[in-house]
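Okay, structure first, notes after.
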Amino acid sequence: MSKRDEQIDQVIKKIDEYGSKFLRFQFCDIHGTPKNMAISMNKPEDAEDVINNGLLFDGSSVAGFVDINDSDLLLKPDISTFSTLPWRPEEKGSCRFICDVYHTDGTPFEGDPRGVLKKSLKLAEERGYQYNMGPEPEFFIVDEDEYGNLIPADEADYFDVEPLDSGTDLRREIVLGLEQLDFNIEVSHHEAAPGQHEIDFRFADAMKTADAVVTFKQAIKAFVANLGHKVTFMPKPFFGVNGSGMHCNQSLFKDGKNIFYDPDTETQLSQEALYFIGGLLKHAKALSAILSPTVNSYKRLVPGYEAPCYIAYGLKNRSTYLRIPASRGLGTRIECRSPDPSCNPYLAFAVLLEAGLEGMDKKIDPGEPTEFNAFEYTPEELAQKGVDTLPTSLWEAYHSLEKDEVVQNALGEHVYNQFYNIKRAEWDDYRIQVFDYEREKFLNI
């Protein structure tokens, strides 16, 4: 019996033990939104054929996939991603696989975001590297007021406790549910804005982490909905308070050792780490289109709300685009602070990796770290110090992407073209809207 056959046999036994009636085949569209199809099973063995041969679906109905004249695609489950869904009813509950997307001839579909990350990870593996990622996704728990307007579910502040933090019990239920999904939760707490929360899980290889981010968002929405509230991962749902980020902590390992760590340098950062930083700085503007992919993302990336605006790196400095946390040894990492939880984690991790690898390949010098509070300086003063700014709008970001071949190549031609066209249409739709703010400011002009 092959290793895959053994894995399938183990999965069938797990389905039988759990008593599942439904088996979901899950994948993501170009935005990172999870999609799925479910098969029903009278007995666990009913799943064996579809696990082996895959499941056909209409790719023309999925954002960023294919046209209607060539719409048939195939879902093939990654056996290692099998899990139960603890937010579904226990009796005759549901299980799921995360799937890769293929053409019907068996070749990988070039528009599959998970496939994009696989391609990038292969570049690292060819160099002997394992690319690890530890994300920090933030989110808001919201309710509706008597008029149907969305409002934060509490008035608490950073690290507050009950009764101000009414989300304590909600986070407890979320963490317990995530642990059923084998998440290794490190910390959970209230964030700086009313109704805002953060739950961090331990770093792992980038593919496992990207799968986890998608599951994390799906699970939290489901758990909180079952408790009578709503969750949003929108970067900036409320004016005048901090937005939600998803800081991405990256490291490269080789033969079990973190190659970003060098105990013999003053900063204990290796030359490889500095070159990787150089690549991230060089491509920061184009990366922004993928890491901060919505018109709303740029309402978060403004001075005064702890979100990065400046293309620089610093040691411990939280005012810069890149930060090097104090941990060293195996914990040495480069934290990219601009991503937000609206990004597609598969695409985000792929472009970060390839930008960093180009920095290593071309030995791009990042210069000296920025150790001052960049928020205290004007754009003109920062320019004099050689510090540029991240894009201030989706329009700027996708035009920067238009000029960056490294980030384009990381996405691949299909995903780049689809993403670019979708974002251009999003900006055009946004820029013709008229908001209450404009009426209030300009009605009597």
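Read-outs throughout are calculated quantities, based only on the coordinates presented, and are distinct from any laboratory measurement. Owing to the predicted nature of the structure, the values given are computational and were not obtained by experimental measurement. Reconstructed Cβ throughout: ideal geometry from the backbone, glycine too, with neighbour counts over all protein chains shown.
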Calculate one ³J(HN,Hα) per residue across the range 314-326 by plugging θ = phi - 60° into the Karplus curve 6.51 cos²θ - 1.76 cosθ + 1.60, and present them in order as whole Hz with x for glycine and proline. x, 8, 6, 6, 8, 9, 10, 4, 10, 9, 10, x, 5
For the range 3-109, take the alpha-carbon Rg, divide it by the Kirkwood Rh, and send me Rg/Rh. 0.98
Taking 0.36 nm per residue of separation and subtracting the Cα-Cα distance, what length does fully extending I79 through L315 add? 80.9 nm
Given a Förster radius of 25 Å and the C-beta distance between L150 and L227 as r, what FRET efficiency does 1/(1 + (r/R0)^6) yield to the nearest 0.05? 0.90
Find the centroid of the Cα atoms in the range 331-390 and in the range 120-180, then give the distance between the two in whole Å. 23 Å
Can you grab the distance from the C-alpha centre of the range 283-321 to the C-alpha centre of the range 393-445, Å, no decimals? 16 Å
Consider all pairwise Cα distances in the range 288-372 and report the whole-number % of them above 22 Å. 30 percent
For the range 46-169, what size does the Cα cloud have along each of its three principal axes, sorted from largest down, in whole Å? 57, 41, 33
Using amide H atoms built in the peptide plane, which far-off residues or other-chain residues are under 5 Å from D78 H to H? I98, C99, D100
Distance in Å, no decimals, from the C-alpha centre of the range 46-80 to the one of the range 1-17 is 21 Å
At what distance in nm do the modelled label points of S61 and K385 sit from each other, each positioned 7 Å from its Cα along Cα→Cβ? 5.3 nm
7 Å from Cα along Cα→Cβ at both E306 and S71: what's the point-to-point distance in nm? 4.6 nm
Distribution of pairwise C-alpha distances over the chain, 20 Å bins, in %: 24, 57, 19, 1
Using the Karplus equation 6.51 cos²θ - 1.76 cosθ + 1.60 (θ = phi - 60°), what ³J(HN,Hα) coupling, rounded to whole Hz, does each residue of the range 374-388 give in order, writing x for Gly and Pro? 5, 5, 8, 10, 6, x, 5, 5, 5, 4, 5, 8, x, 9, 8
Label-point separation in nm, T107 to N42, each point 7 Å along Cα→Cβ: 4.0 nm
Once you wrap a convex hull around the alpha carbon atoms of the range 205-335, what is its projected area averaged over all directions, in nm²? 9.6 nm²
Counting C-alpha atoms alone, how compact is the range 167-224: give Rg to one decimal and Dmax as a whole number, in angstrom. 11.3, 33
What is the fewest-to-most order of E426, E6, E335 by other Cβ atoms lying within 10 Å of their Cβ? E6, E426, E335
Would you please name the trypsin sites (Lys or Arg not before Pro) within the range 60-142 that are DSSP coil residues with at most 16 other C-beta atoms within 10 Å of their C-beta? K92, R127
Total formal charge among the other residues, if their Cβ is under 14 angstrom from that of Y377, Lys/Arg +1 and Asp/Glu -1: -4
Express in nm, to one decimal, how much length is gained between T265 and R424 on full extension, taking 0.36 nm for each residue of separation and deducting their alpha carbon distance. 52.8 nm
Who wins for biggest fluctuation among T168, T389, T267 in a Gaussian network model of the chain, springs between alpha carbons below 10 Å? T267
Any helix of the chain counts here only if DSSP assigns it H throughout, its Cα atoms span 15 Å or more along the axis, and its mean Kyte-Doolittle hydropathy is at least -0.5, and such helices are 168-180, 206-226, 271-282, 345-361
Just V241, V101, V116 to compare: in a GNM of the chain, with alpha carbon springs under 10 Å, which one fluctuates most? V241
Contour excess over end-to-end distance, with Cα ends at T378 and L176 and 0.36 nm allotted per residue: 68.2 nm
